[in-house]
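Below is one structure; the comments refer to it alone.
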Amino acid sequence: MNRAATLALALAPGALALVGLVAREERTLARGVEVVLEVRPYDPQDLLAGRYLATPLAIERIDSSSVALPEGELLRGEPVLVGLARAEPCWFPIAIVRPGEPREGAEAWIAAVVDEERTGAWTDEEGSRVVDPTIELRCEVDRFYVPENAIDPTIGGAARELRLVARVARDGRAAVVDLLVDGLPYSAWQAAERR
């Protein structure tokens, strides 16, 4: 076998994997349910992250008393699906289930991993035990690419209201569609800023 054929055979699995990832992302963008997710307060762009803007989602911090939960304790690193309900201006979480469990009541389900369950407890002024019911999650969709020579909405000026628009597939995978800045799609906001 000549060198070119050997090289082609060696590179083929990596190329096929890359094509598969791109095809999966495109399928999610074409068939997924479009959701608008609130972005929590954020830090300005990380210099080490390049032109990606970190967009920590509000659905990554859930008050466990406000959503339906699966049986048993959620463990750090455990994969889950977060059920989302449509509302204006942003979708909100209504349930957490484990993969394979029945999904009911939500219009879309986004994949996440349990990052930390806060079980800190303290005693209030009246001597009652109080438990922090927050569940911390990590969703795979939390970055927006800021194009080269474009305006970064987190740098300079007042804090802006950011919302991430994503498409969510049936299996929970999500792909970023756009970033809304003060209610405008990123490109429209940028055009208005440049005037």
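A short reminder: the numbers here are calculations on the coordinates, not readings from a lab. Owing to the predicted nature of the structure, the values given are computational and were not obtained by experimental measurement. Don't worry about glycine lacking a Cβ; one is built from the backbone with ideal geometry, like all the others, and counts go over all protein chains shown.
Label-to-label distance for Ile155 and Arg86 is 3.8 nm, based on points extended 7 Å past Cα in the beta-carbon direction. Counting every other Cβ atom within 10 Å of each residue's Cβ, Trp109, Trp189, Trp91 order from fewest to most as Trp189, Trp109, Trp91.
In a DSSP loop and with at most 16 other Cβ atoms within 10 Å, the GluC sites (Glu not before Pro) in region 141-195 are Glu148, Glu161. The order of the peptides 66-73, 165-172 by mean Cβ neighbours within 10 Å, most packed first, is 165-172, 66-73.
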